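Reviewing the structure listed below.
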Amino acid sequence: MKRIPSEPAADPAGAALPQSAAAQSAPVARKPRKRAPGRRPGADAVDLRERLLDAALACFVAHGINATSLRDIARRAGVTPALVHYYFGDKLQLRQAVVAERLLPVMATVHAGVAEAGDDVAAMVGGFVTGITRAVVANPWLPTLWVREILCEGGALRGMMIEQAGPLLPRLLVERLSAAQQAGRLAPALDPRLMVVSMVGLTMFPLASAPIWQQVFGAGELGADAVQRHALAMLTHALEPGHE
């Protein structure tokens, strides 16, 4: 029996191609390249992520969270919007990352300073005032972000502050001040809750509005150091014996 030869492949014009040529022209399927298990982003990737967080924070402070787009953040960081999506997904996840990695660590530092003061009322007040002013010096964006996104109605971070950060530091202060009042170390006429409000008012408000008062009074020295000295003098004077 004679072997019947296979039908040769045909080219687009209809001419027959040699079998070897047909095999060479067939597309070769390639397997997708897999990332090595356990491999972590390099230093450049970590630095870029930090740069994106800094750019997002700067845009939030300058324009407000709601008015800032991912394109604005990408432009400030000098990258494409696609790269911002790659690292953070969407704007909500990016905002959450800014809160978790920029805002909450600052508040945790102030909280730690107050917690270390123990039951000493003067030390507690001093820890809060000093902690806030140092935090603002190290993070000049803090007062503006606090006023725009937490204090003002409709601020994008107000709910977060009430639900997450709010219960921590203010409630700790109220608990410590209330205990001191019951022990006779705080004047009974003082309301521990409003005492906390006064502490915030004597620090964050002047720090947030410092550029205005510096121009109004023509006094460039009305900065964080002056605010800290004044707040401590006011609050410690109110805590002195005889003030009811």
Legend entry - Cα centroid separation - the stretch 121-145 against the stretch 92-111, whole Å: 16
Inset, instruction - Give, to the nearest whole percent, the P(r) tail of the stretch 46-147 beyond 25 angstrom, counting all Cα pairs. - result: 31
Inset, instruction - Would you mind computing, in nm to one decimal, how far apart the modelled labels at residue 137 and residue 162 are, each placed 7 Å from Cα along Cα→Cβ? - result: 3.4
Inset, instruction - Could you go through the stretch 148-164 in sequence order and give the Karplus-derived ³J(HN,Hα) for each residue, using 6.51 cos²θ - 1.76 cosθ + 1.60 with θ = phi - 60°, rounded to whole Hz, and x for Gly and Pro? - result: 6, 9, 10, 6, 6, 4, x, x, 5, 10, 5, x, 4, 5, 5, 8, 10
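What number, in percent, do you get for the relative contact order of the stretch 101-182 if the mean sequence gap of Cα pairs under 8 Å and at least 6 apart is divided by its residue count?
It rounds to 29 percent for the stretch 101-182.
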Inset, instruction - With a probe of 1.4 Å, find how much accessible area the stretch 107-244 has per residue, and write the answer as a whole number in Å². - result: 54
Legend entry - Residue-by-residue Karplus 3J(HN,Hα) for the stretch 178-183, coefficients 6.51, -1.76, 1.60, Hz, glycine and proline x: 5, 5, 5, 5, 5, 8
Inset, instruction - Specify which residue in the list 238, 189, 174 is farthest towards the positive end of the charge dipole of the stretch 168-244, using unit charges on the beta carbon of Lys, Arg (+1) and Asp, Glu (-1), about the Cα centre. - result: 174
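The values are calculated or read from the model by the stated rules, or taken from the named source; none is laboratory data. None of the values given here were measured: they were computed from a predicted structure. Because the Cβ atoms are built from the backbone with ideal geometry, glycine has one as well, and the counts that use them run over all protein chains shown. Surface areas here come from the heavy atoms of the whole protein model, side chains and all, with no ligands, DNA or RNA. Shrake-Rupley method; radii C 1.70, N 1.55, O 1.52, S 1.80 Å.
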